[in-house]
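Visitor: Got a structure here, written out as structure tokens. Questions coming.
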Amino acid sequence: MDNARQILKDTFGYSEFRHHQAEIIESLLAGKDAMVLMPTGGGKSLCFQIPALLREGTGIVISPLIALMQDQVDALTQLGLKAAFLNSSQGSVRQREVESALLAGELDLLYIAPERLLMPRMLEQLGLIRLSLFAIDEAHCVSQWGHDFRKEYQQLRVLQEYFPGVPRIALTATADARTRSEIIEQLELQQAQVFINSFDRPNIRYALSEGNNPRDRMWRFIESEHPNDAGIVYCLSRNKVEQVAAWLSERGRLALPYHAGLPEQVRRTNQQRFLREEGVIIVATIAFGMGIDKPDVRFVAHLNLPKSVEAYYQETGRAGRDGQPANAWMAYSLQDVIMLRRMMGESDGDEQYKRVAHHKLETMLGLCELISCRRQALLEYFDETLAEPCGNCDTCLQPPQTWDGTEASRKALSCVYRTGQRFGVNYVIDVLTGKDDDRIRHNHHDQLSTFGIGTGHTATQWRNIIRQLIAQGYLDIDADGHGAICLTQKARPLLRGEIELQLREPPKTERKSKVKKARVAVDLPDTDQVLFEALRARRMELAKEQGVPPYVVFHDSTLRDMAIQRPLSEDSLRTISGVGESKLERFGRTFIEVIQAHPAPE
Ligand code: ADP
Ligand code: ZN
């Protein structure tokens, strides 16, 4: 383990192991199998990279993400390691080069897609050489129920048969127990030691809000907190993706669309620009994201309600992988709920599937309307308990006001009931507020006792109330496509006046946020900020020269430490987290020059 620590420092430039990294490495060094659950950004890669270096032979890393292999290998090469990948994006000449390096035992690590690995020729070649380990990345792809299912992943169980004695490590960021047991079963990892890390991402600040003009509100958020930062904006439809990307561009941001309807070439270019340039915003449908390894995504914004808490957590998890402060921001509306319900109704899944999907949406909506700590609820969803409120989510930072909504709720429920549970939200509100309307007269609903009983609230307030009633499960939206709202079982005691109901006060106006901002740059005094920007500029030049993303040279957090500590010698530079020997040798002088050119103020 001393050797492992030495590599951590010398090669990667880090002084401490995180989470269970040390134990996982120890287990592999002892030749045992391991199964690792760690959230995105937790530091899974080191768990197999270090043992691969310490054990004799080549480590084989199996990943479905062909598009990312190049960057992963580039990053390792920058660290001075001998890594390569084999996949269909390469020409045959390059493939043969890699194969002969592999057969000559020259590689520390080989990245490969499962379908390639499973080819008889490949298995044969691997049988000829020494292997240090197999790392099965994104191991949840074995799960038939997950959205990333790959059938080749299930065949990976042959590894055990063909290569007995070579330790295997399966890694995933998917948390739920069902996926976990599927991985163990499918990959025959019953003997593996299982390492489960906390899924908390304390550096991400969650904020979810409902209200008008979500796009404008998002713009205020981006402008004030992330004027130069990279981020991802998620929308539900392709159309909206295009519109929002154009709209952000008009406002001077470099914003690029990404969705399944765009030509492959455009998608690839936009993803590359997001990875390689600084401060790019990707506006995307959920088609974007799996395995996006960019560590310095500073915000993830949702302009629509995600389908489930899992999806939400996975998408927001792409922010702040480097552990620096990041924001997860969401705006949602009742319209989103209606639309998602309709999409579910129209999907060709069976009843069981629809029920599950409905339940997931309800849970998501529940999270939105919460008046207690968001993080506690999120972690609870993943069977984890956070003892205290987190202090880094919107409800912790600005506790929402509540009011006694019993009376108003009863009026709304009763109006839904009396109009026959056949109408959408707008109609119900029109009846509640006593609107002069032909359709209402035609239906004789102006004769109802509930006609006009809701004049004490505006239509907007009623939308808010009804949305909360849906979120709390008193009302439901029919999946029949018309968006009719109906009562649930739970509504009865409330209607009868047997229970009381606290509702969340809608934010009256956009309160000026007094809380400390999560923007990285804010932490730096002005003079350090100037140096930080200069270091970033030098990093960009180096990255361009070598055709790699800037973070492959150094992470923001490393540059930030440089800007604060201003190391002027190689020895002092070595103490900065993220500076290993290889990078010190290659980039040390040039960054010291930048620091020298920006002397600390007296
Ligand atoms: P994952 O694959 O789990 O999403 P990565 O392996 O990409 O995460 O690691 C996320 C980031 O954390 C990387 O930039 C990595 O260099 C950094 N990291 C990993 N382990 C450590 C550590 N022990 N100390 C500091 N940084 C670390
Ligand atoms: Zn909180």
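Visitor: Taking the condition of being in contact with a Phe, Trp or Tyr (Cβ under 9 Å, 6 or more places away or on another chain) and charged (D, E, K, R), how many residues in the range 354-382 meet it?
Guide: Qualifying residue count, the range 354-382: 2.
Visitor: Anything in the range 31-60 that is within 18 Å of residue 78 (Cα to Cα), in contact (Cβ under 8 Å) with a residue 40 or more places away in the chain and within 13 Å of ligand 1 (Cβ to nearest atom)? List them, or say none.
Guide: Correct list: 48, 49, 50.
Yes or no, residue by residue, for (1) surrounded by 13 or more Cβ atoms within 10 Å (Cβ to Cβ); (2) over 36 Å from the mean Cα position of the chain (by Cα); (3) away from ligand 1 (no atom under 16 Å from the Cβ); (4) among the charged types (D, E, K, R):
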{"residue": "400", "(1), (2), (3), (4)": "yes, no, yes, no"}
{"residue": "411", "(1), (2), (3), (4)": "yes, yes, yes, yes"}
{"residue": "420", "(1), (2), (3), (4)": "no, yes, yes, no"}
{"residue": "425", "(1), (2), (3), (4)": "yes, no, yes, no"}
{"residue": "434", "(1), (2), (3), (4)": "yes, yes, yes, no"}
{"residue": "444", "(1), (2), (3), (4)": "no, yes, yes, no"}
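Visitor: Looking at this structure, is residue 515 surrounded by 13 or more Cβ atoms within 10 Å (Cβ to Cβ), under 26 Å from the mean Cα position of the chain (by Cα), modelled with pLDDT under 95 and not assigned by TED's automatic domain parsing to the domain that holds residue 425?
Guide: No; evaluated as a whole, the condition is false for this residue.
Visitor: Can you tell me which condition residue 67 does not meet? The list is (1) over 24 Å from the mean Cα position of the chain (by Cα); (2) away from ligand 1 (no atom under 14 Å from the Cβ), and all the others hold.
Guide: (1)
Visitor: Looking at the range 266-290, which of its residues are on the phi > 0 side of the Ramachandran plot and crowded, with 17+ Cβ neighbours inside 10 Å?
Guide: If the condition is that a residue be on the phi > 0 side of the Ramachandran plot and crowded, with 17+ Cβ neighbours inside 10 Å, then 289 is the only one that fits.
Visitor: Here's a follow-up. Taking residue 300 and the conditions (1) over 25 Å from residue 67 (Cα atoms); (2) within 16 Å of ligand 1 (Cβ to nearest atom), which numbered condition does it fall short on, given that it satisfies the others?
Guide: All conditions pass for residue 300, except number (1).
Visitor: On to the next question. Quick check: anything in the range 73-87 within 15 Å of ligand 1 (Cβ to nearest atom) and among the acidic types (Asp, Glu)?
Guide: Yes.
Visitor: Which residues, counting only those in the range 132-153, are in contact (Cβ under 8 Å) with a residue 24 or more places away in the chain and outside any loop (DSSP other than H, G, I, E, B)?
Guide: 132, 133, 134, 135, 136, 139, 140, 141, 142, 152, 153 - these are the residues of the range 132-153 that are in contact (Cβ under 8 Å) with a residue 24 or more places away in the chain and outside any loop (DSSP other than H, G, I, E, B).
Visitor: Just wondering, is there one or more residues in the range 204-212 that are under 30 Å from residue 352 (Cβ atoms) and modelled with pLDDT of 95 or more?
Guide: Looking through the range 204-212, at least one residue is under 30 Å from residue 352 (Cβ atoms) and modelled with pLDDT of 95 or more.
Visitor: Restrict the check to the range 241-262 and report whether at least one residue is of a type in the set (Lys, Arg), in the same structural domain as residue 357 (by TED's automatic domain parsing) and over 18 Å from the mean Cα position of the chain (by Cα).
Guide: yes
Visitor: Another question, then. Go through the range 136-164 and give me each residue that's surrounded by fewer than 15 Cβ atoms within 10 Å (Cβ to Cβ), under 16 Å from residue 60 (Cα atoms) and of a type in the set (S, T, N, Q).
Guide: Within the range 136-164, no residue meets the criteria.
Visitor: Scan the range 350-363 and give yes if some residue there is more than 19 Å from residue 482 (Cα to Cα), in a loop (DSSP other than H, G, I, E, B) and away from ligand 1 (no atom under 16 Å from the Cβ), otherwise no.
Guide: yes
Visitor: Another question about this same structure. Go through the range 536-557 and report how many residues are within 10 Å of residue 591 (Cβ to Cβ) and either in the same structural domain as residue 74 (by TED's automatic domain parsing) or surrounded by fewer than 22 Cβ atoms within 10 Å (Cβ to Cβ) (or both).
Guide: Matching residues across the range 536-557 total 2.
Visitor: Go through (1) more than 15 Å from ligand 2 (Cβ to nearest atom); (2) buried (at least 20 other Cβ atoms within 10 Å of the Cβ) for residue 368 and report which single condition fails.
Guide: Result: residue 368 fails condition (1) only.
Visitor: I would also like to ask the following. Of the residues that sit in the range 480-510 and are among the small types (Gly, Ala, Ser) and surrounded by 19 or more Cβ atoms within 10 Å (Cβ to Cβ), which one is farthest from residue 416 (Cα to Cα)?
Guide: Restricting to residues being among the small types (Gly, Ala, Ser) and surrounded by 19 or more Cβ atoms within 10 Å (Cβ to Cβ), the top hit is 483.
Visitor: Which condition breaks for residue 178 when tested against (1) outside any loop (DSSP other than H, G, I, E, B); (2) within 16 Å of ligand 1 (Cβ to nearest atom)?
Guide: (2)
Visitor: Out of everything in the range 371-384 that is in a loop (DSSP other than H, G, I, E, B) and at pLDDT below 90, what residue ends up being farthest from ligand 2 (Cβ to nearest atom)?
Guide: 383
Visitor: Given 46, 37, which one is away from ligand 2 (no atom under 16 Å from the Cβ), more than 20 Å from residue 109 (Cβ to Cβ) and under 25 Å from the mean Cα position of the chain (by Cα)?
Guide: Answer to the selection: 37.
Visitor: Which residue pairs have Cβ atoms closer than 8 Å, lie 6 or more positions apart in sequence or on different chains, and pair a first residue in the range 2-30 that is at positive phi with a second residue that is within 16 Å of ligand 2 (Cβ to nearest atom) and part of a loop (DSSP other than H, G, I, E, B)?
Guide: Note: pairs meeting the criteria are 19/198.
Visitor: Looking only at residues in the range 385-399 that are among the polar types (S, T, N, Q) and assigned to a loop (DSSP other than H, G, I, E, B), which one is farthest from ligand 2 (Cβ to nearest atom)?
Guide: Taking the candidates together, the pick is 385.
Visitor: Could I ask something else about it? One residue is enough: does the range 10-31 have a residue meeting the conditions under 26 Å from the mean Cα position of the chain (by Cα), part of a strand (DSSP E or B) and crowded, with 19+ Cβ neighbours inside 10 Å?
Guide: No; the residues of the range 10-31 include none that is under 26 Å from the mean Cα position of the chain (by Cα), part of a strand (DSSP E or B) and crowded, with 19+ Cβ neighbours inside 10 Å.
The values are calculated or read from the model by the stated rules, or taken from the named source; none is laboratory data. Given the structure is predicted, the values throughout are model-derived calculations rather than measurements. Cβ coordinates were reconstructed from backbone atoms using ideal geometry, including for glycine residues, and neighbour counts include every protein chain displayed.
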